[in-house]
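Here is the structure we will look at, set down as structure tokens.
Since every read-out is calculated from the coordinates, none of them should be taken as a lab result. None of these values were measured; they are calculated from a predicted model. We place every Cβ from the backbone using ideal geometry, glycine too, and count neighbours over all the protein chains shown.
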Amino acid sequence: MSCLPLGLNQIEIQRGLTTSSTAIFVPFTTQELFQNGKEALYYGINALSNNLIMVDRKLLKNPNGLILGTPGSGKSFSAKREIANCFLLTNDDVIICDPEAEYAPLVERLHGQVIKISPTSTNYINPMDLNLDYSDDESPLSLKSDFILSLCELIVGGKDGLQPVQKTIIDRCVRLVYQTYLNDPRPENMPILEDLYNLLRSQEEKEAQYIATALEIYVTGSLNVFNHQSNVDINNRIVCYDIKELGKQLKKIGMLVVQDQVWNRVTINRAAHKSTRYYIDEMHLLLKEEQTAAYTVEIWKRFRKWGGIPTGITQNVKDLLSSREVENIFENSDFVYMLNQAGGDRQILAKQLGISTHQLSYVTHSGEGEGLLFYGSTILPFVDHFPKSTELYRIMTTKPQELKKKEDE
Ligand SMILES: Nc1ncnc2c1ncn2[C@@H]1O[C@H](COP(=O)(O)OP(=O)(O)OP(=O)(O)O)[C@@H](O)[C@H]1O
Ligand SMILES: [Mg+2]
């Protein structure tokens, strides 16, 4: 009778409870993450309390993010979900670097622009495009020269990268090649790679000839995708760069060119006080090469001040810790969406992020869309089982059998 909720206590014992014994009856040990702001987005359901997780990354000290997980754990899927939410709830621009050609259905459905860069496509971006308000505290040309050095490093550099003499020559030629355009900034005066190539050829040093020859395949040879004036609309609110068909050789260069385009957009948006979200899928491709890695680290260090919100998506945590430089990315990401992890990676992450064994269990053999969310100093286990009967699911899935079903319909 005393147990029933009748308010009738027939046991004549009363006693005080100490804090620890009270705690047994009051299991309020979960941490919540629910922000009310207009731009708070959905990231799943708290696995402990079943409350919604609503988060605005812009409120973090730095909004840089990482999505980590084994293949098929739902990395790209959660990126797409965030993109869809952010398209509907915020005014931010979205740029996607898509090496697997899987974002197109979503982007097209949101009336975005998919730019397909491949040796056979007729969509061209000119890596030499110079935006005169590229940066207001630095000269646009220096930044561009920096970018072209990275590009050449990828093309020419062997194991040790570019030699000092080679760097000097490239820098000299870059400054020369923009003379015409700077004097008369009309689009048709924009130089292309071929102009740079010709200038290199006309230099006296034998190093210049060496660089020119290395560049040749990208100018007159079979890899000349990037030797054209730009002809795509990069001003849409959602732009997806599909670089799947670039082939192994061109992929890294493609990613670098895309990053340069991203800087352009961030610069324009900064003046308009608008945020730019940048998603880099398969980021480990970029981290392997010293130059692209350096360029990515740069984004992680400086994007915030420009109103940029980068998100890196990768399977391999080890690639994120491959060098002191690259570790910066990891250390400068206040938002980490961690899905199922492979054994080795789990240990590394536990050490780096100070996760307890219990917390680790949420990323051990977890299902798709389940894991741990790091938001600043808050760590939460989340579950996000996206309803499969929705149109949104159908345009976001990458499961071969589900894609086949879609085609059959
Ligand atoms: N939150 C979720 N709810 C329901 N299904 C999901 C969820 N996340 C992922 N999936 C399913 O798992 C599939 C694989 O997810 P996704 O394409 O994101 O994998 P990935 O981690 O990006 O893998 P890869 O490293 O191979 O690119 C999706 O196509 C989808 O069907
Ligand atoms: Mg993926």
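Which of the residues spanning segment 69-92 are away from ligand 2 (no atom under 11 Å from the Cβ) and either over 15 Å from ARG237 (Cβ atoms) or not small (Gly, Ala, Ser) (or both)?
Result: ARG81, GLU82, ILE83, ASN85, CYS86, PHE87, LEU88, LEU89, THR90, ASN91, ASP92.
Of the helices (runs of 4 or more DSSP H) lying entirely inside segment 304-409, the ones with 3 or more residues being crowded, with 16+ Cβ neighbours inside 10 Å are found at 317-320, 324-331, 343-353, 391-396. Among residues of segment 372-398 that are in contact (Cβ under 8 Å) with a residue 12 or more places away in the chain and closer than 16 Å to GLN359 by Cβ, those with a Cβ under 8 angstrom from a residue that is among the polar types (S, T, N, Q) and in a helix (DSSP H, G or I), sequence gap 6+ or separate chain, pair up as LEU372/GLN359; ILE379/GLN359; PRO381/GLN359.
Between PRO119, PRO71, PRO63, the distinction of being out of contact with any helix residue (DSSP H, G or I) (no Cβ under 9 Å at 6 or more places or on another chain) and within 30 Å of GLY254 (Cα to Cα) belongs to PRO71 only. Taking interchain pairs and intrachain pairs at least six residues apart, which have beta carbon atoms under 8 angstrom, with the first residue in segment 319-347 and free of Cβ contacts under 8 Å to residues at least 24 places away in the same chain and the second assigned to a helix (DSSP H, G or I) and not charged (D, E, K, R)? Taking only residues 6 or more apart or on different chains, the pairs are GLU327/LEU320; ARG346/LEU360; ARG346/VAL363. In segment 100-121, the residues that are among the hydrophobic types (A, V, I, L, M, F, W, C) form Cβ pairs under 8 Å with partners that are within 16 Å of ligand 1 (Cβ to nearest atom) and part of a loop (DSSP other than H, G, I, E, B), at six or more places apart or across chains, as follows: VAL114/TYR103; ILE117/ILE243. Report the residue count in segment 273-303 for those that are part of a loop (DSSP other than H, G, I, E, B) and either over 25 Å from PRO71 (Cα atoms) or more than 16 Å from ligand 2 (Cβ to nearest atom) (or both). Final tally of qualifying residues: 5. Of the listed requirements (1) assigned to a helix (DSSP H, G or I); (2) touching a Pro at 6+ places or on another chain (Cβ under 6 Å); (3) not basic (Lys, Arg), MET255 misses just one: (2). Among the conditions (1) in contact (Cβ under 8 Å) with a residue 40 or more places away in the chain; (2) in a helix (DSSP H, G or I), the only one that THR180 does not satisfy is (1).
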